[in-house]
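One structure below.
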Amino acid sequence: MYTFFKTVHLIGVVVLIGNVTITAYWKVLADRTRDVRLIAHAQHGVTVADWIFTLPAIILVLVGGYGAAAVGGLPFNGPAWLVTGQLLFAVSGLIWVGILVPIQIRQARTARSLTEDNALPEQYLRDGRNWLIWGIAATVPLVAAIYVMVAKS
């Protein structure tokens, strides 16, 4: 069972990191075009990707990680690498829920309201820059958690 849970955990990690990086890349490229139709499509894609990839991946990470720890006899409050990994994951989650999701919601509403006759509002572009900055800030702890879990340090 340990191997099963560890595999579930790793699949979640791969899908999570893969989705957050490729979604950001896709969205940034769309925003740079200033084509409101393309931006609306990309923004919709970000929302859909969060529902079908990010959220399930988070669940896989949690179920797999806690399942492996339970089956492997590891307490959730130790060893240090396990606690550090959980804290890094939580920091990333707080940034995602507290900052990124509200920005995404605001940008999605704006993108849906645009027509080809509209100029892209400066607030949308400002939100896009903030989304990218905070997206990177949310990804760094995830990458650090991977290191901590692999190195067990």
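At a glance:
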| quantity | calculated |
| --- | --- |
| Relative contact order for the chain, counting Cα pairs under 8 Å that sit 6 or more residues apart, in percent | 35 percent |
| Per-residue ³J(HN,Hα) for the range 83-95, Karplus 6.51 cos²θ - 1.76 cosθ + 1.60, θ = phi - 60°, Hz, x for Gly and Pro | 5, 4, x, 5, 5, 5, 4, 5, 4, 4, x, 5, 5 |
| Share of Cα-Cα pairs in the range 68-111 lying beyond 12 Å, as whole percent | 68 percent |
| Approximate shape of the range 3-77 as ellipsoid semi-axes (Cα gyration tensor, √5λ), whole Å, largest first | 35, 9, 8 |
| Potential lengthening between residue 129 and residue 34 on full extension [0.36 nm per residue; Cα-Cα distance subtracted] | 32.8 nm |
| Pairwise Cα inverse-distance average, inverted: Kirkwood Rh of the chain (Å) | 16.5 Å |
| Relative intensity, log₁₀ I(q)/I(0), of the range 37-96 from a Debye sum that treats every alpha carbon as a point, q = 0.17, 0.24, 0.28 Å⁻¹ | -0.68, -1.00, -1.14 |
| Selection from 91, 54, 111 lying farthest towards where the dipole of the range 42-137 points positive, charges on Cβ | 91 |
| Residue-by-residue Karplus 3J(HN,Hα) for the range 110-120, coefficients 6.51, -1.76, 1.60, Hz, glycine and proline x | 4, 4, 5, 8, 7, 10, 4, 7, 7, 7, 5 |
| Whole-Hz couplings from phi, Karplus 6.51/-1.76/1.60, listed for the range 146-152; x for Gly and Pro | 4, 4, 4, 5, 6, 6, 6 |
| Degrees between helix 55-71 axis and first principal axis of the chain (Cα, 0 to 90, nearest 10) | 10 degrees |
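Where a number appears in this text, it was derived from the coordinates with a stated rule and is not lab data. Remember, it's a predicted structure, so these values are computed and weren't measured experimentally. Cβ: placed from backbone, ideal geometry, glycine included. Neighbour counts: every protein chain shown.
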